[in-house]
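Read through the structure below, which is laid out as C-alpha cells, and then see the notes.
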Amino acid sequence: MIASLFLSLIGCAPTSIQIVKPYVDPQYGMTKMQMIDLLGKPDSIEIYRKTDLTRVEFYIYHRIHQSSQEKVPVGVIDGKVAGWGTAYYVDHISPDDVRIK
C-alpha cells in the first residue's frame with residue numbers, strides 16, 4: 001500500500017524541473033560545451049560579427065548577490081572561452097560590429 005502511494009506521487013511530479021547552477025568563473029580556453037556544463041544554460045546569448053569577420057559570442061549569466069543581480073557576459077571566440085565580465089564585454093564590442101543575434 002505504501003509502495004503504491006509512493007509510485008502515484010512520483011507520477012504526479014513535474015517532468016521539467018529546471019536546476020539553476022550557481023555562477024562560478026569559467027576557465028580560459030574551456031570549450032563552449034564545457035562552459036555550459038559548468039554554468040548551465042545562459043540567460044541570453046548575443047552574437048556579433050566584427051569588421052575583420054571574427055564571430056564573438058557572449059553567453060549572458062546573472063550572478064545573484066544578497067539582494068541584487070550582476071550581469072556576467074562570457075565571451076567565446078572560435079568555440080573557446082576567451083574572457084568574461086563587463087570590462088571584457090565593453091572592450092570587445094564596438095559600434096562597427098554587427099549584432100547577429
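Details
- Hey, Lys101 modelled with pLDDT of 95 or more and open to solvent by 90 Å² or more (accessible area, probe 1.4 Å) or not: no
- For region 33-50, a residue qualifies if it is surrounded by fewer than 17 Cβ atoms within 10 Å (Cβ to Cβ), in contact with a strand residue (DSSP E or B) (Cβ under 6 Å, 6 or more places away or on another chain) and of a type in the set (D, E, K, R), and the qualifying residues are Asp43, Arg49.
- Every residue from region 55-85 that is more than 16 Å from Gln27 (Cα to Cα) and β-branched (Val, Ile, Thr): Val56, Ile64
The values are calculated or read from the model by the stated rules, or taken from the named source; none is laboratory data. For clarity, every value in this text was computed on a predicted model and none was experimentally measured. When we count neighbours, we look across all protein chains shown, and the Cβ atoms used for this are built from the backbone with ideal geometry, even at glycine. Quick note on the areas: whole protein, heavy atoms, side chains included, nothing else; ligands and nucleic acids left out. Shrake-Rupley method; radii C 1.70, N 1.55, O 1.52, S 1.80 Å.
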